[in-house]
Amino acid sequence: MVDAEAKKFLRENLVKVQDKIKQAARKVGRNSDKIKLVAVSKTHPNEILRAAIEAGAKVFGENKVQEAEGKIEEIGRENAEWHLIGHLQKNKARRAVQLFDVIQTLDSVALAERLERICKEQKRESLSVLAQIDLANEATKNGISEKDLPSLVKFLQTCECLKFDGLMIIPPYFEDAEKVRPFFRRLREIRDDILPNGELSMGMSHDFQVAIEEGATLVRVGTAIFGERN
Ligand SMILES: *Cc1c(COP(=O)(O)O)cnc(C)c1O
């Protein structure tokens, strides 16, 4: 059960985050209407997502297809916009195409080929994708390297169903958000080169203001909205 206290907590957190988005945008002369808040709802149960919708959340980010499946079916595809923000394994691609509005974690030509083929099979006319970029060359992280990005972009230009809408990054973690700024800045430069009006999905609870200063159009915020995850 979500009690009144929990609903108030969500409402207040959403207002705080929205205010910070506006402040960060104003600081650099940007229009905050162009910045979309993705509420990262992974690990939180359906009733919390419902309460978040009541409190004004419109877009949810989930990192696992399997976990998202039950949530999206319960809450309804149409009642929110659903973004996949975690690595997509190829055996989950079909389910992901059925469930998500946006796949933010496209990281290889092979995955793009698979998604395009599945969209055609399922008569899904258009699927929004962001390319996840690995700028730190962290072997442990997913994402396509800058070196391999041109081949992915080239393939996406030939796709009928996949809509190449922008770039996404999960930078290395630094306590000090200023240390993340160079990653955000670099992602923006790459975007300006290959897709000038494309989305930039960057920034999480502890660094989304810096990301907005550097041009983020989608910020993925979990903890600052829902509280600490267990
Ligand atoms: C969990 C997660 C977030 C949200 O992180 P918080 O620090 O809780 O805001 C953002 N992006 C991705 C890809 C995540 O997995």
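The values are calculated or read from the model by the stated rules, or taken from the named source; none is laboratory data. Just so it is clear, the model here is predicted, and its values are computed rather than measured. Virtual Cβ from ideal backbone geometry, glycine too; neighbours counted across all protein chains shown. Please note that ligands, DNA and RNA were not included when accessible areas were found on the heavy atoms of the full protein model with its side chains. Shrake-Rupley method; radii C 1.70, N 1.55, O 1.52, S 1.80 Å.
Calculate the translational D of the stretch 16-140 in whole µm² s⁻¹ from Stokes-Einstein, where the hydrodynamic radius comes from the Kirkwood formula applied to all Cα pairs, the temperature is 10 °C and the viscosity 1.306 mPa s.
Using the Kirkwood radius from Cα pairs, D works out to 100 µm²/s.
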*Looking at the square roots a ≥ b ≥ c of the eigenvalues of the Cα gyration tensor of the stretch 26-79, which shape do they give, rounded for a/c under 1.5, prolate if a/b is larger than b/c, or oblate?*
prolate
*Report the label-to-label distance for Glu146 and Asn197 in nanometres (one decimal), using points 7 Å from each Cα along the Cα→Cβ vector.*
2.7
_With a 1.4 Å probe and all protein chains left in place, how much of the accessible area of the chain comes from carbon and sulfur atoms, in whole percent?_
47
*Give me the lysines in straight-line cross-link reach of Lys92: C-alpha distance below 23 Å, same-chain residues under 8 apart excluded.*
Lys42, Lys64, Lys71, Lys120, Lys123, Lys141, Lys163
*Which aspartates and glutamates does Lys58 reach when only Cα atoms under 13 Å apart count, and residues fewer than 8 places away in its own chain are ignored?*
Glu78, Glu81, Asp101
*Give the relative contact order (percent, whole number) for the chain; include only Cα pairs under 8 Å separated by 6+ residues.*
20
*Could you pull out every one of the aspartates and glutamates with an alpha carbon less than 12 Å from that of Lys7, ignoring same-chain neighbours closer than 8 positions?*
Glu47, Glu54
*asked:* Which trypsin sites (Lys or Arg not before Pro) in the stretch 142-197 sit in a loop by DSSP (not H, G, I, E or B) and have at most 14 other Cβ atoms within 10 Å of their own Cβ?
replied: Lys147
*Normalised by the number of residues in the stretch 100-230, what is the relative contact order in percent for Cα pairs under 8 Å and 6+ residues apart?*
20
_Cα-based Rg / Dmax (Å) for the stretch 186-230_ = 12.2, 40
*asked:* Just the number please: accessible area per residue for the stretch 160-209, 1.4 Å probe, all protein chains included, in Å².
replied: 50
*In the chain, which Cys residues have no partner Cys with a Cβ closer than 4.7 Å?*
Cys159
*Quick one, what does Rg over Rh come out to for the stretch 4-226 if you take C-alpha atoms and the Kirkwood Rh?*
0.95
